[in-house]
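Only one structure is covered here, and it is reproduced in the block below.
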Amino acid sequence: MRHLSLGLDDPRPLTLSARIESFRCAARGVRLMLRSQHNAWLHAVASCGVLIVGGLCVLSGAEWCWIVLAIMSVWTAEALNTALEFLADVASPEFHPLVGYAKDVAAGGVLISALGSAIIGILVLGPHILAML
Ligand SMILES: Nc1ncnc2c1ncn2[C@@H]1O[C@H](COP(=O)(O)OP(=O)(O)OP(=O)(O)O)[C@@H](O)[C@H]1O
């Protein structure tokens, strides 16, 4: 029954080593996403490009906050989309319309995040780039 109790009766103490192990698992997840998802490669190229341009434009602290938020939102959406795809493929390896809908909606989340981030990038970097021309 322990697995149904949300871990509230988990007797394990809070330890640094367990938190470090948890961090390692999360880092492994990021590496797995980078290795398995072609979209993640595109995000990586776009993120590096934006960071380089941002560095050249000498952005303010507030502008960097927007850029970091935009980059973070795309990576977070991609990570959740990837996790959902893995789970869906285990739960229903055969074709099922609802699995297709779930994957499409998750991919839509990535698209929305990417479009929003592109708009933020244009709004923040656009004036700096125009000023340099
Ligand atoms: N089991 C399934 N049942 C029904 N439709 C599916 C199934 N698996 C995939 N699809 C359809 O194929 C599309 C692509 O699914 P796939 O798992 O190949 O993701 P992907 O190509 O890695 O997508 P993304 O580029 O968004 O990461 C889904 O969005 C969905 O429409």
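The C-alpha atoms of the chain define a longest principal axis, and helix 16-36 lies at about 60 degrees to it. Expressed as a fraction of 2.2 N^0.38 Å, the value expected for a compact globular protein of N residues, the C-alpha radius of gyration of the stretch 28-133 is 1.27.
The calculated FRET efficiency for Leu123 paired with Ala44, based on their beta-carbon distance and R0 = 25 Å, is about 0.65. Computed from the Cβ-Cβ distance with R0 of 35 Å, the FRET efficiency linking Phe86 to Trp64 stands at 0.60. With axes computed from alpha carbons, what is the tilt in degrees of helix 97-132 against the longest principal axis of the chain, rounded to the nearest 10 within 0 to 90? Taking Cα atoms only, the helix is inclined about 30 degrees. The simple Förster model, with R0 at 22 Å and r as the Cβ-Cβ distance, assigns Leu32 and Asp104 a FRET efficiency of 0.50.
The numbers here are math on the coordinates, done by the rules we state, and not lab data. What you see is a predicted model, and the numbers here were worked out from it, not measured in a lab. Using ideal geometry, Cβ is built from the backbone for each residue, glycine included, and neighbour counts are taken over all protein chains shown.
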